[in-house]
1. Just to check your reading of the model, which residue among GLU168, GLU137, GLU119, GLU180 is surrounded by fewer than 22 Cβ atoms within 10 Å (Cβ to Cβ), at pLDDT 95 or above, in a helix (DSSP H, G or I) and charged (D, E, K, R)?
2. Filter the stretch 46-58 down to the residues that are touching a helix residue (DSSP H, G or I) at 6+ places or on another chain (Cβ under 7 Å) and in contact (Cβ under 8 Å) with a residue 12 or more places away in the chain, then identify the one that is farthest from VAL157 (Cα to Cα).
3. Under 6 Å by Cβ, and 6 or more places apart or on different chains, what pairs join a residue from the stretch 64-75 that is within 12 Å of ASN33 (Cβ to Cβ) and within 10 Å of ligand 2 (Cβ to nearest atom) with one that is charged (D, E, K, R) and at pLDDT 95 or above?
4. With respect to TYR92, determine if the residue is aromatic (Phe, Trp, Tyr) and under 24 Å from ASN22 (Cα atoms).
5. Sort out which residues of the stretch 60-83 are assigned to a helix (DSSP H, G or I) and acidic (Asp, Glu), and write them in order of number.
6. Of a type outside the set (S, T, N, Q) and within 16 Å of ligand 1 (Cβ to nearest atom): is that true of GLU137 in this structure?
7. Looking at SER86, SER43, which is the one that is within 27 Å of LEU187 (Cα to Cα), within 15 Å of ligand 2 (Cβ to nearest atom), of a type outside the set (A, V, I, L, M, F, W, C) and without any contact (Cβ under 8 Å) to a residue 12 or more places away in the chain?
8. Are there any pairs with C-beta distances below 6 angstrom linking a residue in the stretch 122-139 that is within 16 Å of ligand 2 (Cβ to nearest atom) to a residue that is of a type in the set (Phe, Trp, Tyr) and in a helix (DSSP H, G or I), with the two at least 6 apart or on different chains, and if so which?
Amino acid sequence: MQVFQEVIAQSPQEWIDIVLSNFDDFLRDHADNERKASSMAMSFIAKYPNRVEIIPELIRIALEELEHFQQVYDIMEKRGVELTHSIGKDVYMEQLIKSCRNGRDERFMDRLLIASVVESRGRERFKKVAAALKDTELGEFYKNLWIEESRHANVFVEMANIYFDNDEVLARLDYWNNRESEIFVGLEVRACLH
Ligand SMILES: [Fe+2]
Ligand SMILES: [Fe+2]
């Protein structure tokens, strides 16, 4: 089932301009995000080992994100760009997680839907980067990425649909899309994914 929802707040042209003129910084931040996305999928497994229905898909996502990390790192290595030495606060993720509900099930649903809206944001940004890049090889790389992140955005919603009422999931996804956009527009415009 196609459940993908487009992000509400679109990235401004100013952001694309900053990314293109500071592409090495963007790559550094992008690599960190792929690494974190892989760990996040694995931490779902650690936190919810009895949710057996979603474990195979979480393993697949963790592997795909790790592969994305490997691909970004390869590009960085060729360009002589090093990974970030100190990892700063992730204001975007912190604010999203702060809006999670507290009950065990509510929190589980919220964490899945946050993962989905973050993937949707990745899709939106990678798609814009792919369209703006002059280098066709890099452009092709970002195009493949946005297609995969788009699939991830759907899969996390499908996971929530296994355990919760589908109308309730859709309503909550709507809430998260709105909340994500509120947080997103408050962020500083930098050569970063968020
Ligand atoms: Fe990824
Ligand atoms: Fe992803």
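The values are calculated or read from the model by the stated rules, or taken from the named source; none is laboratory data. Not measured: the values here are computed from a predicted model. Cβ placement follows ideal geometry from the backbone for every residue including glycine, while neighbour counts extend to all protein chains displayed.
1. The match here is GLU168.
2. TYR48
3. GLU65/GLU34; HIS68/GLU34
4. yes
5. GLU64, GLU65, GLU67, ASP74, GLU77
6. No; evaluated as a whole, the condition is false for this residue.
7. SER43
8. ARG123/TRP146; PHE126/TYR142; PHE126/TRP146; LYS127/TRP146; VAL129/TYR142; ALA130/TYR142
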